[in-house]
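What follows is calculated from the coordinates using simple rules that are stated; it is not laboratory data. In this text the structure is predicted, and so the values were computed from the model without any measurement. As a convention, Cβ positions derive from the backbone with ideal geometry for all residues, glycine included, and neighbour counts pool all protein chains shown.
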Amino acid sequence: MIRFRNFLPLTATVLVVGAVLGAPTQADAGIRLDFSTVVGGGITFNPTDVTPPANGVGTFSFEHGILPGQTTSAFQITGHTGNTTPGVGAQGLLGDITGTYNVGPITTSGNTQDAVVVAGAGATHQFTITDAGGFVFTADVAWISIRTTGVGGLINADGQVNLTNITYGGTNADLLQLYNESRPNNGVATISFQLASDSSLTTLFTTNTTPTTTSFSGSISAVPEPSQLALLLTGGLTLGLRRVMHRRKSFFKAA
């Protein structure tokens with residue numbers, strides 16, 4: 001009985017720290033850039049049979065804008081948080097997402113539907129942001145998953161690491177910070193989209209017989225460094241051990 005009473009606090013601490021160690025798949029440190037569709041741009045869902053993956057149900061790709069200066073871009077940076085340099089930074093810069101992405105098969109749980117996403121054949125699959133000097137922040141992108149619930153949808157819904165081979169040679173403060181923070185562990189991009197009426201992946205790729213285009217928004221950020229997580233782990237375990245020893249001493253004094 002004494003062992004259980006004394007070691008439960010340590011067990012709880014280890015469980016909490018263990019949960020924190022799962023955080024590398026979530027981009028929750030440093031700078032985050034938010035973006036949204038440019039005028040005339042969007043994301044198009046096309047109900048066309050594809051392989052891979054096996055039993056693929058369709059594809060999606062990103063459309064360019066229609067205004068001058070936006071005809072080669074799909075989105076614009078609308079905000080930044082966690083930036084260390086004052087000023088507008090990357091706000092207002094244009095970006096693009098190239099390539100076609102294959103979807104399927106679909107799984108259903110209540111009113112939520114999920115499907116895997118893999119890169120389609122052919123064109124490059126990249127996420128880019130172009131600065132005022134013409135330098136391009138470039139990353140290979142893998143969207144991993146797509147999910148719909150009601151009228152809303154998410155791409156890379158679980159926030160997994162999906163940006164790799166990141167490069168940038170310009171001087172924009174926000175893009176430099178994002179590049180430097182992303183170099184050790186790559187980055188994460190997520191996208192959300194809204195539909196005009198209650199919909200689902202089944203509607204987009206099976207019920208509909210023609211492509212559906214809608215606007216989108218999202219964010220991009222870096223993955224926390226392992227050193228930060230190691231420090232957190234060390235600190236958490238030290239605190240847990242101290243509490244265990246304190247309670248052990250208190251228990252035996254009382255006895």
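Structural remarks
- Neighbour counts of C-beta atoms inside 10 Å place ASP174, ASP34 in the sequence ASP34, ASP174, starting with the fewest.
- Computed 3J(HN,Hα) for the range 56-64, one whole-Hz value per residue from the Karplus formula 6.51 cos²θ - 1.76 cosθ + 1.60 where θ = phi - 60°, is x, 10, x, 9, 9, 8, 10, 9, 7, glycine and proline marked x.
- In this rough spin-label picture, where each label sits 7 Å from Cα along the Cβ direction, the VAL136-ALA121 distance is 2.4 nm.
- From most to least packed by mean Cβ count within 10 Å, the peptides 66-77, 145-156 give 145-156, 66-77.
- Whole-Hz couplings from phi, Karplus 6.51/-1.76/1.60, listed for the range 110-120; x for Gly and Pro: x, 9, 10, 10, 10, 8, 6, 10, 10, 5, x
- Gyration tensor over alpha-carbon atoms, the range 83-196, equivalent ellipsoid semi-axes in Å: 29, 16, 13
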